[in-house]
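Chemist: If you scroll down you'll find the structure; I have some questions about it.
The values are calculated or read from the model by the stated rules, or taken from the named source; none is laboratory data. Everything numeric here is computed off the predicted structure, so don't read it as measured data. Glycine gets a Cβ as well: all are built from the backbone with ideal geometry, and neighbour counts include every protein chain shown. Just the protein is used for accessible areas: all its heavy atoms, side chains included, with ligands, DNA and RNA removed. Shrake-Rupley method; radii C 1.70, N 1.55, O 1.52, S 1.80 Å.
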Amino acid sequence: MPPKSEAKVDNSLAPEDFFFVPGRDEGLSLLTEPKWYWRYVPKANICAFSVSDYADHNTLTNQVIADAMTVRNFTQGIEFNRVPAVAHDVRFVKNVVGIGEKWLLSGAAGERLRNRYTWHGAGRTQEESVVETNAFLSDLKTDPTVSPIPVTSEDLGDRPFVIEARNLFNYYHFLIETLPRLQIAVDLKHRGPIYICYKGQKPSAFARAYVDALFPEIAGQVEFLETPQEFDDAIIDFGFDHYYFTARDDIIPPATEAMPQGQGHLLKNTSRHAYRIFRHNSYMADLRSLRERALAAISRLDTSQLPRKFWVQRNPSSERSRDMLNEDRLVAKLQEQGFTALRFEDYSPLEQIALMANAEVMASHHGAAFANMMFASPDAYVIEIGTAQTALGRWGDFFGAAHVSRTNYVTFFADHNWDTPDQVPNFDDHGHIGVALGTDGIKRVSQFTGALVGAAPTGLSKPEVEALAEMLTKTNATNALQTVLNQYSELVNESIPMLQARATILDAKDDVHGLFDTLTRIRRIAPGRPRPLERMIWLTRRMGRRDLADVLVAEHAQRFPKRHAEFRKKIRWYKGA
């Protein structure tokens, strides 16, 4: 075991003296030429709904949801590569990595490093730190002294493979940020020691259990070391998630095709804000590798006795347990729908993976259990009960796990389980506050889950059916939506939300004539809406009805003169356009 280091992170340094620059500063070489730095991948279906008892909380979370689903929602997902590298004079302090006298931006550790540098830089304000750091990192893209990261073929000898970990007691950080990187050691066929360097209290038992279960071929080489630690030479991994923003375009091209409309400024933006948005739309390649390894590991398990619909409870004896107010009332509703209440801690690592991999619906209140979403089926529904506090500060933490599994991740933002539920707590002053779900929230969540599992609620009012149809539409639960619309067929033809839901189903089925008829009904109820008429005009082309197009285009010109000229530019296929 190497001796502990006395190194410290000095956040008062100027950016050029603090941040390690790959390709300019000496001490980091890749062990292989990257075949790719990043690539486009499909995304998860992520959506959320506000169910607070307080109108101002719903206003707040609705805005968070709207931003996440529009200006922060990439059209494609991004997978960032992570590769092995050799580092000289490398230090592991707290949960960050230093090379020489500077500190490395890579992966989750890099994000924490930059946050602390911004928040705790002595002798300057946070605003000054932000401006100076952004300028320094942005200038690297045109700095002629920065070259591509060198690749070495040197003999690795008995050098250790070393991974930094935030800690080894938080399940989320271990499963998402630390454990996947052992795959890099496997791919290297590494035979030397493997150190996972951690900060804080001693490792929880689950850390060793997951290493043993998922990486049995190297488990005997893995040792947990408390930081700080220092090595003359070590094999580490290097992720390209931060390097993407500072590398020249000829080294790493920008992800242009993924940008939402009007958000091209994010492409190579070196701000922390841009990094967070990218993180919410991406994942690291080793996370996908861990998912693949885990699913292979359970392929021969007998999972016939595991529940397919379940609510995950928290262990009340845990130091980090946060009680959910009215959890018992919600669980009672779910059990009527065939759900089982369970605790992940009662299952082995492989059983936990199998639970998620075979789940039809998993639900719980906000917590580390959602890291297991990375093992979920693309057809599963993973339902989280959160709060305005988690919407503002924690919601995006699980997006990567959702994207790598391409599952359906649905969040209901409810209330806070504390003495002043009309107030939104903040993490700095109040810590992480648990969830409270009111009567209306219980009703809406259980109506949604009932529809998903074939137990669509009866006796709903027209507004309740409309709200349920909207949720099912946004979550792509087409079969459940069809069942609900059939069950309440007498309400559909007089309800724009339900007709829009029917239109979604017909569009998915490519039923052009059925879709046209449904849009006609919507137009009759709301003749002042331009979009139904515009969709109908587009459909006339697929229907081969130019005669009908003439009538509808003329009506569009009459009803919506301010939109008509711009619309005509879009339908160049129409005669006279």
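Chemist: Regarding region 236-248, can at least one residue be identified that is assigned to a loop (DSSP other than H, G, I, E, B) and surrounded by fewer than 19 Cβ atoms within 10 Å (Cβ to Cβ)?
Modeler: The answer is yes, given that some residue of region 236-248 is assigned to a loop (DSSP other than H, G, I, E, B) and surrounded by fewer than 19 Cβ atoms within 10 Å (Cβ to Cβ).
Chemist: Further, regarding this structure: Return the total of residues in region 478-503 being under 20 Å from Thr449 (Cβ atoms), in contact with a Ser or Thr (Cβ under 8 Å, 6 or more places away or on another chain) and buried (at least 19 other Cβ atoms within 10 Å of the Cβ).
Modeler: 2
Chemist: Which pairs do you get when a residue that is free of Cβ contacts under 8 Å to residues at least 24 places away in the same chain, found in region 524-548, comes within reach of a residue that is part of a loop (DSSP other than H, G, I, E, B), reach meaning Cβ atoms under 8 angstrom, with the pair 6+ apart or on two chains?
Modeler: Hits for this filter: Pro532/Ala526.
Chemist: Can you tell me which residue is least open to solvent (accessible area, probe 1.4 Å) among those in region 324-333 that are under 26 Å from Asn170 (Cα atoms) and among the charged types (D, E, K, R)?
Modeler: My answer is Glu327.
Chemist: In this structure, is Arg208 charged (D, E, K, R), under 18 Å from Leu295 (Cα atoms) and modelled with pLDDT of 95 or more?
Modeler: No; evaluated as a whole, the condition is false for this residue.
Chemist: May I ask you to say which residue of Ser299, Ser321 is open to solvent by 40 Å² or more (accessible area, probe 1.4 Å), outside any helix (DSSP H, G or I) and either of a type in the set (Gly, Ala, Ser) or out of contact with any His (no Cβ under 8 Å at 6 or more places or on another chain) (or both)?
Modeler: Ser299
Chemist: Name the single residue that is surrounded by the most Cβ atoms within 10 Å (Cβ to Cβ) among those in region 159-216 being aromatic (Phe, Trp, Tyr) and either under 29 Å from Thr32 (Cα atoms) or free of Cβ contacts under 8 Å to residues at least 40 places away in the same chain (or both).
Modeler: Checked region 159-216; the qualifying residue surrounded by the most Cβ atoms within 10 Å (Cβ to Cβ) is Tyr198.
Chemist: Of the numbered conditions (1) among the aromatic types (Phe, Trp, Tyr); (2) closer than 29 Å to Val424 by Cβ; (3) modelled with pLDDT of 95 or more, Trp103 fails exactly one; give the number of that condition.
Modeler: If we test Trp103 against (1) among the aromatic types (Phe, Trp, Tyr); (2) closer than 29 Å to Val424 by Cβ; (3) modelled with pLDDT of 95 or more, just (2) comes out false.
Chemist: Restricting to region 136-158, name every residue that is free of Cβ contacts under 8 Å to residues at least 40 places away in the same chain and either acidic (Asp, Glu) or not in a loop (DSSP other than H, G, I, E, B) (or both).
Modeler: Asp139, Asp155, Asp158
Chemist: Go through region 119-157 and give me each residue that's open to solvent by 80 Å² or more (accessible area, probe 1.4 Å), over 21 Å from Gly27 (Cα atoms) and hydroxyl-bearing (Ser, Thr, Tyr).
Modeler: Thr142
Chemist: Could you tell me whether Gly441 is in contact with a strand residue (DSSP E or B) (Cβ under 9 Å, 6 or more places away or on another chain) and on the phi < 0 side of the Ramachandran plot?
Modeler: Judged against the criteria, Gly441 is a match.
Chemist: Only one of these conditions is not met by Pro457: (1) without any contact (Cβ under 8 Å) to a residue 12 or more places away in the chain; (2) open to solvent by 40 Å² or more (accessible area, probe 1.4 Å). Which number is it?
Modeler: (2)
Chemist: Same structure again: Can you say whether Asp507 is within 19 Å of Arg529 (Cβ to Cβ), free of Cβ contacts under 8 Å to residues at least 40 places away in the same chain and surrounded by fewer than 19 Cβ atoms within 10 Å (Cβ to Cβ), as far as the supplied structure shows?
Modeler: For Asp507, the condition - within 19 Å of Arg529 (Cβ to Cβ), free of Cβ contacts under 8 Å to residues at least 40 places away in the same chain and surrounded by fewer than 19 Cβ atoms within 10 Å (Cβ to Cβ) - is met.
Chemist: Just need a number here: residues in region 207-235 that are in a strand (DSSP E or B) and of a type outside the set (A, V, I, L, M).
Modeler: Number of matching residues: 8.
Chemist: Does Thr520 qualify as being out of contact with any strand residue (DSSP E or B) (no Cβ under 8 Å at 6 or more places or on another chain), under 30 Å from Glu360 (Cβ atoms) and among the polar types (S, T, N, Q)?
Modeler: Here the answer is no, as Thr520 does not meet what is asked.
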